[in-house]
Amino acid sequence: MSDANKNRFIVRRNDEVGRFAVVSEDLKAGDLIFTEKPFAYGPKSDSPPLCLGCYNALEGTSLCSKCGWPVCCTECENIPCHKENECEVFSKAGVKFQPVEDASAVCLQYECITPLRVLLAKERNPERWEKEIAPMEAHLKERKDKPLWNFNQVNIVEYLRGPCKCDRFSEELIHTVCGILDINAFEARAPSGYLIRSLYPNLAILSHNCVSNIVHSIECTGTGDKDDYNVSVRAAVDIAKDGEIFSSYTYSLWPTLVRREFLRESKYFDCKCDRCSDKTELGTHMSSLKCNRCDNGVILSTDPLDDKCEWKCTHCDFSTNAVAVKKVFATIQAEIEAVEMMSDSEGVEARETIFRKYRSVLHPKNAYMTILRVALSQLYGKAEGYTMEDLPDLILERKVELCQQLLDVLDVVEPGYSRIRGITFYELHSPLLILARNQYSADLIDKEQLRRKLKEAVDYLGESVKILKGEPSTTLEGQLYQVAKQGHDQLTANFDLLVETA
């Protein structure tokens, strides 16, 4: 890996995209490009009431003894991210948290927390603000026409300038901070499992592309101080010197219509990257549908950059339009989201039902089939009733198929050292090991075939180890790396014994 103390990027500018970053030397996949401390971080918009120190869900009514806002305990009320920010403002102004009936529902009182932390960080670090945050795009002109502007005016601007007595911050500045956060902040996962948002100036400089060439990892120490939630950015694939660094501002597994709409509504630009411009999404067919009028037809957009264009079959004269396709996608996405939190046997069965329901409608590699494969590939082997010990060979083969089909798509849209590829390689190795032993026991393969199959499984596990090596130990992926490495080391050291005792 590269020297962690050296940034390996250069910021450039042009009239078309503004600021962007390129690598300053040839990089290999996995090389560190830069690390960065957040300028500020805190609850997401639409957050439920969480502990303002550790971001855990609130089981009781514990409040900070100084400001009267939710924290878990005395330890959490003294965490710097709370104590040195809103706690001082709220206690001085006498603004108390108002009790809520449903602790799992969105809490409008929390909308002001992260913008306030950014404003206070601006006062403490004026030089960093001017150099790193002020140049960020806030799109104030475009945002003024959106309902969100009035929402922020009432719940953030007027609340901070009124009851919180922070009228030293102008209305325009507060709206600017809200825009900067909405457009530039990145999600980070707290130790509690809840997502928060964090502002990284260098990470925000990176241009968008629907096929990212970097992977970023955020490490949470749980201390809540200035060294918490640091981000590390690594090359996901080899990048030649002066090659532009791309991050993805949207979910890579969505189809083009959905990705472009999200980017237009939330980031205020129309993506025209190579993937968005290609009718087949770089050969993945993640937007394609099956034609029910003919046997082999695939329905493709005639112009992927036109969200209202005609969609035509490749083999017959059937056609439809983008609006109709978007409705189909919205229906399927809603069904998938309805089962998203189901992780038991019912979750497996519900997803398989959706998979069967739409396999005659969607191309086999369509985005929604891919999203279902992600969940199913991880639930088989873990869900109650579907643990690895429970799975018959037929289901083991299903898990292998899911992983391999998923990797076919991920190799294109999430290439290289992406976390999802690392996880999928890990999920793939176990059923391959078990199937190989079962086939050998049933005299379906000989010992040499067994050796080859076991070697393939161990190599997949090794690929998982290689990809996940850079993940922080505090993250789920970092913990999976430790498990994968230990397993790979043991299997490699005892490979001959593994073959002989199968």
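The values are calculated or read from the model by the stated rules, or taken from the named source; none is laboratory data. Remember, it's a predicted structure, so these values are computed and weren't measured experimentally. All Cβ positions, even for glycine, are placed from backbone atoms using ideal geometry, and neighbour counts span all protein chains on display.
Key figures
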{"read-out": "Residue match in the stretch 242-256 (condition: part of a helix (DSSP H, G or I) and either assigned by TED's automatic domain parsing to the domain that holds Glu77 or buried (at least 20 other Cβ atoms within 10 Å of the Cβ) (or both))", "value": "yes"}
{"read-out": "Residue within the stretch 274-295 that is farther than 30 Å from Tyr380 by Cα, aliphatic (A, V, I, L, M) and surrounded by 14 or more Cβ atoms within 10 Å (Cβ to Cβ) present", "value": "no"}
{"read-out": "Test: residue in the stretch 147-158 that is surrounded by fewer than 13 Cβ atoms within 10 Å (Cβ to Cβ) and at pLDDT below 95", "value": "yes"}
{"read-out": "Flag for Val100 being over 30 Å from Leu203 (Cα atoms), surrounded by 13 or more Cβ atoms within 10 Å (Cβ to Cβ), in contact with a helix residue (DSSP H, G or I) (Cβ under 9 Å, 6 or more places away or on another chain) and at pLDDT below 95", "value": "yes"}
{"read-out": "Val298 being over 23 Å from the mean Cα position of the chain (by Cα), surrounded by 17 or more Cβ atoms within 10 Å (Cβ to Cβ) and either touching a residue at least 24 places away in the same chain (Cβ under 8 Å) or under 22 Å from Leu410 (Cβ atoms) (or both)", "value": "yes"}
{"read-out": "Pick from the stretch 218-235, criterion of a type in the set (Asp, Glu) and part of a loop (DSSP other than H, G, I, E, B), ranking: nearest to the chain's Cα centre (by Cα)", "value": "Asp228"}
{"read-out": "Test: residue in the stretch 87-94 that is in contact with a Cys (Cβ under 8 Å, 6 or more places away or on another chain), in contact (Cβ under 8 Å) with a residue 60 or more places away in the chain, part of a helix (DSSP H, G or I) and not aromatic (Phe, Trp, Tyr)", "value": "yes"}
{"read-out": "Residues (farther than 17 Å from Gln333 by Cα and part of a helix (DSSP H, G or I)) located in the stretch 257-269", "value": "Leu263, Arg264, Glu265, Ser266"}
{"read-out": "Residue match in the stretch 110-122 (condition: outside any helix (DSSP H, G or I) and either at pLDDT below 95 or surrounded by 17 or more Cβ atoms within 10 Å (Cβ to Cβ) (or both))", "value": "no"}
{"read-out": "Residues satisfying the stated conditions in the stretch 270-302, i.e. among the hydrophobic types (A, V, I, L, M, F, W, C), within 15 Å of His315 (Cα to Cα) and not in a loop (DSSP other than H, G, I, E, B)", "value": "Leu289, Val298, Ile299, Leu300"}
{"read-out": "Some residue of the stretch 443-454 being assigned to a helix (DSSP H, G or I), under 28 Å from the mean Cα position of the chain (by Cα) and either without any contact (Cβ under 8 Å) to a residue 60 or more places away in the chain or more than 24 Å from Ala236 (Cβ to Cβ) (or both)", "value": "no"}
{"read-out": "Selected residue (criterion: surrounded by the most Cβ atoms within 10 Å (Cβ to Cβ)) from residues of the stretch 333-356 that are over 20 Å from the mean Cα position of the chain (by Cα) and among the β-branched types (Val, Ile, Thr)", "value": "Val348"}
{"read-out": "Number of the condition not met by Cys81 [criteria: (1) hydrophobic (A, V, I, L, M, F, W, C); (2) out of contact with any strand residue (DSSP E or B) (no Cβ under 9 Å at 6 or more places or on another chain); (3) in a helix (DSSP H, G or I); (4) touching a residue at least 40 places away in the same chain (Cβ under 8 Å)]", "value": "(2)"}
{"read-out": "Residue in the stretch 420-427 that is in a helix (DSSP H, G or I) and charged (D, E, K, R) present", "value": "yes"}
{"read-out": "Any hit, the stretch 445-460, residues being at pLDDT below 95, over 26 Å from Met286 (Cβ atoms) and crowded, with 19+ Cβ neighbours inside 10 Å", "value": "no"}
{"read-out": "Filter result for Asp307 (of a type outside the set (Phe, Trp, Tyr), closer than 18 Å to Ala367 by Cα and modelled with pLDDT under 95)", "value": "yes"}
{"read-out": "Residue list for the stretch 52-75, restricted to those being touching a residue at least 40 places away in the same chain (Cβ under 8 Å), surrounded by 15 or more Cβ atoms within 10 Å (Cβ to Cβ) and hydrophobic (A, V, I, L, M, F, W, C)", "value": "Leu52, Cys54, Leu58"}
